[in-house]
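Visitor: Quick one: the structure is below, questions incoming.
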Amino acid sequence: MFRQKKDKVPVSTRSLGKRIYYYRGFYLMFLPVLIFALIFYYAPMLGIRLSFYDYKGIKDPVFTGLKNFEKMFSMKGFWAAFKNTLEISIIKLLINTGAAVVISLLLNELIFLRFKKIAQTIIYLPHFMSWVVTASVFTLILSPTQEGLVNAFLTTLGFVEKGNEIYFLGLRNLWRPAYYVINIWKETGWGTIIFMATLSGINPELYEAASIDGADRWQRMKFITIPALMNTIITVLILNLAKVMNLFESVFVLQNHAVVRQSDVLATYIYTQTFNSGALPNYGYTTAVGLVRSLVGCALVLICNHISKRIRGRGIV
Amino acid sequence: MKSKKANMEMEQQIIYPKKKRKIKVFDVILILFFILFSFLILIPLWKVLVDSFDLHTAYGMKLVPKNFGIEGYRNVFTNPTLYRPLIISVVTTIAGTLLGLTLSTLGAYVLIQREMPGRSFFGNMLLFTMIFQGGMIPTYLVINSLGLTNTLWSVILMPGLNVYNLVLMRNFFEGIPHSLFESAEIDGCSPMGIFFKIVLPLSKAALAAIGLMFAVSYWNDYTNYKLYITDSLWYNFQMKLRSIIMGSDLPIPNGGATENTIKNAAIMVAILPFMFIYPFCQKYFVKGVNIGAVKE
């Protein structure tokens, strides 16, 4: 994604002072970006010190050492959220990438161009819907009454009895499958774009040569298309693995009280502990949880960067 | 240049099999599969569309409106508690997109100045924010202490600097031949002049792609509002929609519309702007993904 062009930097003949004077206008141009970065990214980093304090927003913060962390590590809710974040993110990533690869391979086999374009347009569509809209749509069609489309459909088929409808988003063992299905609905199509770009870059002569050698459709896919996709698949997995800890909005809008244990992730835990706990928010404690989340996220990025350098020869940051 | 070549390759590849292949059973199965798949993608949206036009309450399996009427939409557009959030969404989306584009183009332009002292420091400073963040609560406390909570400034300014988009823009700018800058400089063009007369006109596609990405994220923003806006006076449409669907804030239906009609009409209104522009801008959206991912 980002490549440092260290090898290409030309050796300048001008002195540092002259160069700074020459580029004075550029420093001015960068100033707004700098101010935004300092206020919205670096100032909050200073706020991390609150994780060692007791702070409820009224009195001044009181230094308490590692007390917040001790409390956190003894909380069941924290560990459940920690485990859920990793589990939900990683399973979601694998399912979505797998589905996107399969759909891309199938799209690539479509021979009617017109039809292919229309299909692509349709399957990209849900990506533009916000999570609020997605949650709203699915809350309505998964509603546990005869008014919900899915329950009404299952009733007609005879799988569900009237008055005994399934509450997909409110049952402990069904929430996660429902969440994954909703994610497939929303993001599979969009995920195919990057694979389709790789597929369109494959030299058609390879297919021609293979056909002349008598390779059938399946063999061409197995020996040309899939190997060509492998690099992109690994790239997508690495890039997204680094974002595992970011999971928030999609879970937040789909979860409810009945399934907190199964659905709570670190970000939603931080949010509810701070703003919805009913008591005064304990900013120190939730900052500490946030710090753990950021550190794990940071470690994941660095690990992924390392793997990426090994496999692709360039890092992700 | 490169993209043109790629396009040509793509065309070749697509046209090529057309001549040779005959339609086989597999092709028919594939087409049936995609019809089914598209159908599954569309059905939840179709259901919302149908219910938004239906003045009847009992819904369930029905896929055409029983009692057609546009009262749901009339409710959304005439009820001040509903159209005010809509206006707020429009205003913040326009302002935020302009701000986002300004910051990403300025930052990206500075980051391609290879000889500028401090360039790599600035670059690393921005990249570091992608690796490590202060987190939700410290950011909230900063915004709160600046007095931005419960003002639209928080939701416009906060997402304005998007380092990922800035880097995409930089990747795109790096594709502009350096000799163009040099010759403009020799002709006496100032850095600002080069920015406006050369860089921006050559980057229309990237501006469209990244501008659309900003527009979508501002229009769809929920997280920032949830964190920084507690006063329902400043809710955007997503926030309003959420509270309608959760049933805490349902407007009183009038003119024959039911609660369900209004809920579905509100969902449609939240989707509509991008449904309208999406078919025309699809290539820019796709381009936005591809400048980031398959570059080089």
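Visitor: Could you give the angle, 0 to 90 degrees to the nearest 10, between helix B:80-111's Cα long axis and the longest principal axis of the Cα atoms of chain B?
Guide: Once rounded, the angle reads 10 degrees.
Visitor: Continuing with the same structure: Determine ³J(HN,Hα), in whole Hz, for all residues of segment A:194-207 in sequence, where each value follows from phi through the Karplus function 6.51 cos²θ - 1.76 cosθ + 1.60 and θ = phi - 60°; x replaces Gly and Pro.
Guide: 5, 6, 4, 4, 5, 4, 6, x, 6, 5, x, 4, 4, 5
Visitor: Right, next: Around B:Asn75, with a cut-off of 12 angstrom between Cβ atoms, what is the net charge of the other residues, counting Lys and Arg +1 and Asp and Glu -1?
Guide: Working: positive: B:Arg74, B:Lys263; negative: B:Glu71, B:Glu259.
Charge balance in the 12 Å sphere: 0.
Visitor: Are there any trypsin sites (Lys or Arg not before Pro) in segment A:70-154 that are in a DSSP loop and have at most 11 other Cβ atoms within 10 Å? List them by number.
Guide: Passing sites in segment A:70-154 do not exist.
Visitor: Hey, what angle do you get for helix B:2-20 against the long axis of chain B, alpha-carbon based, 0 to 90 degrees rounded to 10?
Guide: The answer is roughly 60 degrees.
Visitor: So, how do all the Cα-to-Cα distances of segment A:88-129 break down into 10 Å bins, in percent, from 0 on up?
Guide: Spelled out bin by bin, segment A:88-129 gives 25, 46, 24, 5 percent.
Visitor: Moving on. Starting at the first residue of segment B:202-212, write each ³J(HN,Hα) from the Karplus equation 6.51 cos²θ - 1.76 cosθ + 1.60 with θ = phi - 60°, in whole Hz, x for Gly and Pro.
Guide: 7, 10, 4, 5, 5, 4, 5, 4, 6, x, 5
Visitor: Separate question: So what is the relative contact order for chain B, in percent, with contacts set as C-alpha pairs under 8 Å and at least six apart?
Guide: After rounding, I find 30 percent.
Visitor: When only C-alpha pairs under 8 Å and at least 6 residues apart count, what is the relative contact order of segment B:80-250, in percent?
Guide: Contact order relative to length: 41 percent.
Visitor: For chain B, what does -39500 (n - 2.57) per DSSP helix run (n ≥ 4), summed and divided by total residues, give at 222 nm, in deg cm²/dmol to the nearest 500?
Guide: My calculation for chain B gives -23000 deg cm²/dmol from helical runs alone.
Visitor: Using unit Cβ charges (K, R positive; D, E negative) and no other charged atoms, how large, in debye to the nearest 20, is the dipole of the protein assembly as shown about its Cα centre? Intermediate values should be presented prior to the final figure.
Guide: Working: 59 positive and 32 negative charges, 285 e Å.
Result for the protein assembly as shown is approximately 1360 debye, rounded to the nearest 20.
Visitor: Over the protein assembly as shown, what number does the Rg to Rh ratio reach, with both radii from the alpha-carbon atoms and Rh per Kirkwood? Kindly include the intermediate steps, with their values, before the conclusion.
Guide: Numbers: Rg = 26.0 Å, Rh = 26.6 Å.
Reported Rg/Rh, Kirkwood definition of Rh: 0.98.
Visitor: If the elastic network links every pair of Cα atoms under 10 Å, which of A:Phe248, A:Phe26, A:Phe159 fluctuates the most in the Gaussian network model of chain A?
Guide: A:Phe26
Visitor: How many angstrom lie between the C-alpha centres of segment B:76-103 and segment A:112-150?
Guide: First find each Cα centre; the distance between them is then 24 Å.
Visitor: Calculate how steeply helix B:163-174 sits against the longest principal axis of the alpha-carbon atoms of chain B, using the helix alpha-carbon long axis, and give the answer as 0 to 90 degrees to the nearest 10.
Guide: Approximately 50 degrees, to the nearest ten.
Visitor: Within 10 Å of each Cβ of B:141-147, how many other protein chain Cβ atoms are there on average?
Guide: Per-residue shielding by partner chains comes out at 4.
Visitor: What's the Kirkwood radius of segment B:80-250 in Å, using all Cα pairs?
Guide: About 17.9 Å for segment B:80-250.
Visitor: Residue by residue, what Karplus-based ³J(HN,Hα) values in Hz, rounded to whole numbers, does segment B:253-268 have, using 6.51, -1.76 and 1.60 with θ = phi - 60° and x for Gly and Pro?
Guide: Values per residue, Gly and Pro as x: x, 9, x, x, 6, 9, 4, 5, 4, 5, 3, 5, 5, 5, 4, 4 Hz.
Visitor: Another question, if that's okay. Exceeding 28 Å between C-alpha atoms, which entries from my cross-link table qualify? They are A:Lys92/B:Lys226; A:Lys83/B:Lys263; A:Lys92/B:Lys66; A:Lys116/B:Lys240.
Guide: A:Lys83/B:Lys263; A:Lys92/B:Lys66; A:Lys116/B:Lys240
Visitor: Separate question: Counting only residues 5 or more places away or on other chains, whose amide H sits under 5 Å from the amide H of A:Tyr53 once H atoms are built in the peptide plane?
Guide: Answer set, sorted by chain and number: A:Thr64.
Visitor: Another question, if that's okay. Counting C-alpha atoms alone, how compact is chain B: give Rg to one decimal and Dmax as a whole number, in angstrom.
Guide: 24.1, 73
Visitor: Here's something else I'd like to know. What is the mean projected area of the alpha carbon convex hull for segment B:164-212, to one decimal in square nanometres?
Guide: Average of the hull's projected areas for segment B:164-212 equals 3.3 nm².
Visitor: Please report the net charge: other residues with Cβ closer than 13 Å to the Cβ of A:Gln146, K and R +1, D and E -1.
Guide: On the way: positive: A:Lys162, B:Lys62; negative: A:Glu147, A:Glu161, A:Glu165.
Around A:Gln146, the charge tally is -1.
Visitor: Projected area of segment A:62-312, taken from the Cα convex hull and averaged over every viewing direction, in nm²?
Guide: Reported value for the Cα convex hull: 18.6 nm².
Visitor: Go ahead and set up a Gaussian network model of chain A, Cα springs under 10 Å, then flag whichever of A:Leu169, A:Leu142, A:Leu38 fluctuates most.
Guide: A:Leu38
Visitor: Continuing with this model, one more query. State to the nearest 20 debye the size of the charge dipole of chain B about its Cα centre, where the only charges are +1 on K and R beta carbons and -1 on D and E beta carbons.
Guide: With Lys and Arg at +1 and Asp and Glu at -1, about 1120 debye.
Bear in mind these aren't lab numbers, they're just calculated from the coordinates by the rules spelled out. Note that the structure is a prediction, hence the values are computed from the model and not measured. For neighbour counting, all protein chains shown are included, and Cβ atoms are generated from backbone atoms with ideal geometry for every residue, glycine included.
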